[in-house]
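A.B. asks: Let me give you the structure first, and then I'll get to my questions.
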Amino acid sequence: MTTEATVTSAYGAWSLVPPLLAIALAIVTRRALLSLFVGVWAGGVVLAAERAETLVDWAAVPFVAVVEAFDWIIGSFGNDMFHAKIVTFTFLLGAGIALMWRLGGPIALANAATNRVDSHRRVGVAAWLLGLVWFFDDYANTAIVGSAVKDLADEMRMSREKLAYILDSTAAPVATFGISSWVAYQVSLVRTEYANIEGETPSAFATFLWSIPFNVYCLLALVMVLIVVLTRRDFGEMLTAETRAQQTGNLTREDATPLQSMKEDLGEPIPDDPKLRMFLAPIGVLVTVVIVGAVITGFNAIDPAPLDLFSDGDVLFGLIDLDVLMDFLNNVDFTGALVWGSFGMVVTALVLGLADGTFDLETSMETVLDGFGIMLTAVSILVLAWGIGSVAGALNTGEYVTGLTADFITPTMLPIVVVLTTAVVAFSIGTSWGTMAIITPIAIPLAYEIGNGSPELLAVAVGAVFSGSIFGDHCSPISDTTILSSTFAGSDHIDHVRTQIYYAVTVLAAALVVYLLYGVTGVTPFLLVPLGGAMLLALVYGLSELDAQRKGVSAQPFVDIGSTESPSDD
C-alpha cells in the first residue's frame, strides 16, 4: 500500500554507500575518524559524479568530493545551534571531570562506596538504577552516570566495554518513557502528522501514552541490561572483554584507543586524602542547574503563567492540562540547560579547589585545558558523524530505504516492517531524532490508512518507530549517543560498538517475536513483554554457555575484588 508520504531518493541505492562504507570501515579498521571522513568524502563522490557531464568533470570528481566533504563537516558544526551546544557541553563537561579528578572526587566516591558497592554485580546494578532515575535527557544520563560509577567499575575490574554498554542501553531507552526532550520531540512529530489527516484521531499525547507498551525494544533493552548484570553472564565479544578484565586487570584491549583516560591524560589526583564533597558538590550543581534551567525554559514559553499547567481542559491524572504540558515540553531547552549545568560544574570545582588550596589559579586553568583535550577525540568523531548525517540528508538516504518497504505492509506486519525499516535508517544515518523525523511522516499515515483510523495501530506505529530508532542507534558507530557512551565510560569507541551489537541484536530478535505474537494474537504487549524478558534470560544463559565452551573460558569469569561473592553465588 503506497502512501503520499513515500519518497524515493534520486540517487537510489548509491545513497546508501557513504554511511554503510563508513560503518564497515569503522568496524573493520577500528579507526573511527578515518572511516567517518572516508564516508563523508564518498558522499561527495556520489554527488559530484551525478553532476559530472564531461571527461574533465569526471576527472575532478575526487577533488570536488573533498570540497563537498568539508562543506558538510563545517556546515554541520557551524550552522546548527543544537550541535554547537552539544560540543560546548562536551568540552565543559570534560573540564569539570578533569577538575574533579585532580581534586580526587571520583577516588573519594569510590572509597566511600567501597563497603556498599563492593562487587562487579553491585556496580552494574548501581549504574542501571542511576540510568533509570535520570530520564530527562540521554546525554546528561550518560555523562552523569558514567562520571559517578566509572572509578567504582574500575575497582571491580569491569571492562570499559561493559560499562559503555550499560550507559548506552540505559540512556536513550529510558528517555523515551520519561518527561524528556525525546518525548516532546516525538509527540510534536505525531501532532504534525495528525493535523494533515482528514479524519478523527486521538490526541498526540494520548497516542504516546498508548505507544509505551509497543516500544518493545527499549523495554527489553532495559531488561537485558539487568539480566546481564545480575547473572554476570556474557557472550560474543563482551565475554572476551570481561574475561580479559577479570583475569588480567586490563580494562581495555591492549592496543585500544579510549576516548578518554583520566590517569594517562591528567596524571594522579593532587590530594592524598580526597574529600567526597569534591565529587558531590560539582555533580550536584550540574544536576540542579540542568533541571532548573530546563524547567525555566519550558515555563518561559507558557503564556500567561506556569499555573496554566493546572488549568481546566484535556487533563492528565485529573490535574495537568495536556496542551499546556506539551507546550512546556516542546519548549524545554535541555541542551542549553546542559551547557549551563556543565559550566556551573566547572565553576564549583574551581571554587572548591582554590578555596581548599588544592591547586592555584594557574594549575586550575591548565586542568581546564587538559579537560578540553580529553574530549577532543570524541568531539571530532561527533562532528564527522554529523557530517555523515548531512550526507544522508543530501542524498535522501532515509527516504530511499523507507520507499522500498511501504508497498508490502499489512496490519499484522506493520510493527515488524516499521521497526526493521527504522533500524536500517538509524544505523545508516546515525541519529535517532533524524530517523524519527524521516519515518514518522510515513508510518503515521500508513498506520491510519491500513488500520482504518485505529488508535491502537497508530500507537503501534509510534512505539515501533521509537524501538527501531534506538536499536539502529545502538548498533551504529556514527551515532552521537553511542560516541558519548564510549567517551564517558573511557572505552575504545569501536570496541564498544562491536561488543554491544551482540546484545542489541539479541534484544531486537526477542522484540520481533513479541511484535509477531501481537500481530497474530492481538494480545497486548503488556502481557507479551514479560515473555520477551523470559526469552532474553534463556538466550543469555544459552549463548553464554555455548560461547564460553567455544572459547575455552568460563561463562562467569568473575572474582570480585574486595567482595565475598563468587561465581557460585548465582
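Since every read-out is calculated from the coordinates, none of them should be taken as a lab result. Just so you know, these numbers come straight off a predicted model, no measurement behind them. Cβ sites come from the backbone with ideal geometry, for glycine too, and all protein chains shown count toward neighbours.
A.B. asks: Please give the peptides 44-55, 241-252 ranked by average Cβ packing (other Cβ atoms within 10 Å per residue), highest first, as a rough proxy for protection.
C.D. replies: My ranking of the peptides, most packed first, is 241-252, 44-55.
A.B. asks: Once both labels are modelled 7 Å past Cα along the beta-carbon direction, what's the ILE291-SER380 spacing in nm?
C.D. replies: Spacing of the two 7 Å Cα→Cβ label points: 3.8 nm.
A.B. asks: Could you calculate the contour length gain from PHE63 to TYR541, that is, 0.36 nm times the residue separation minus the distance between their Cα atoms, to one decimal place in nm?
C.D. replies: 166.8 nm
A.B. asks: Rounded to two decimals, what is Rg over Rh for the range 444-507 when you use alpha-carbon atoms and the Kirkwood radius?
C.D. replies: 1.20
A.B. asks: Quick one: which of 483-495, 538-550, 288-300, 86-98 comes out on top by average Cβ neighbours within 10 Å, and what's the full order, highest first?
C.D. replies: 483-495, 86-98, 288-300, 538-550
A.B. asks: Something else about it: About the Cα centre of the range 466-558, what is the dipole size in debye to 20, counting +1 per Lys and Arg Cβ and -1 per Asp and Glu Cβ, all else neutral?
C.D. replies: So the dipole magnitude of the range 466-558 works out to roughly 220 debye.
A.B. asks: Mind listing the phi-derived Karplus ³J(HN,Hα) values for the range 459-474, rounded to whole Hz, using 6.51, -1.76 and 1.60 with θ = phi - 60°, and x for any glycine or proline?
C.D. replies: Values, residue by residue: 5, 4, 4, 5, x, 5, 5, 4, 4, x, 4, 5, 4, x, 5, 5 Hz.
A.B. asks: Compute the Cα gyration tensor for the range 436-559, then decide on rounded, prolate or oblate, letting a ≥ b ≥ c be the square roots of its eigenvalues: rounded whenever a/c is under 1.5, prolate when a/b is larger than b/c in the other cases, and oblate in all that remain.
C.D. replies: It is oblate, given that a/c is not under 1.5 and a/b is not larger than b/c.
A.B. asks: Can you work out the PRE-style zone for GLN247? Point 7 Å along Cα to Cβ, and I want the residues of the range 144-160 with backbone N under 17 Å.
C.D. replies: Taking a point 7 Å out along Cα→Cβ of GLN247, the residues of the range 144-160 whose backbone N falls under 17 Å are 157-160.
A.B. asks: Rank these for me by crowding, HIS474, HIS120, going from fewest to most other beta carbons within 10 Å.
C.D. replies: Ranking HIS474, HIS120 by Cβ neighbours within 10 Å, fewest first, gives HIS120, HIS474.
A.B. asks: Spelling out what I want: for every residue of the range 210-224, take phi, set θ = phi - 60°, compute 6.51 cos²θ - 1.76 cosθ + 1.60 (Karplus), and round to whole Hz; glycine and proline get x.
C.D. replies: For the range 210-224, the Karplus-derived couplings read 5, 7, 4, x, 8, 7, 5, 4, 5, 4, 6, 4, 5, 5, 4 Hz, x marking Gly and Pro.
A.B. asks: In whole Hz, with x marking every Gly and Pro, tabulate ³J(HN,Hα) for the range 346-353 from phi via Karplus 6.51 cos²θ - 1.76 cosθ + 1.60, θ = phi - 60°.
C.D. replies: Rounded to whole hertz, the list is 5, 4, 4, 5, 4, 4, 4, x.
A.B. asks: If you don't mind, there's one more thing I want to ask. Pop a pseudo-label 7 angstrom from the Cα along the beta-carbon direction at both LEU531 and LEU280 and give the gap in nm to one decimal.
C.D. replies: Roughly 4.8 nm, to one decimal.
A.B. asks: Ok, one more. First measure r as the distance between the Cβ atoms of LEU369 and ARG116, then evaluate 1/(1 + (r/R0)^6) with R0 = 30 Å and state the FRET efficiency to the nearest 0.05.
C.D. replies: 0.25
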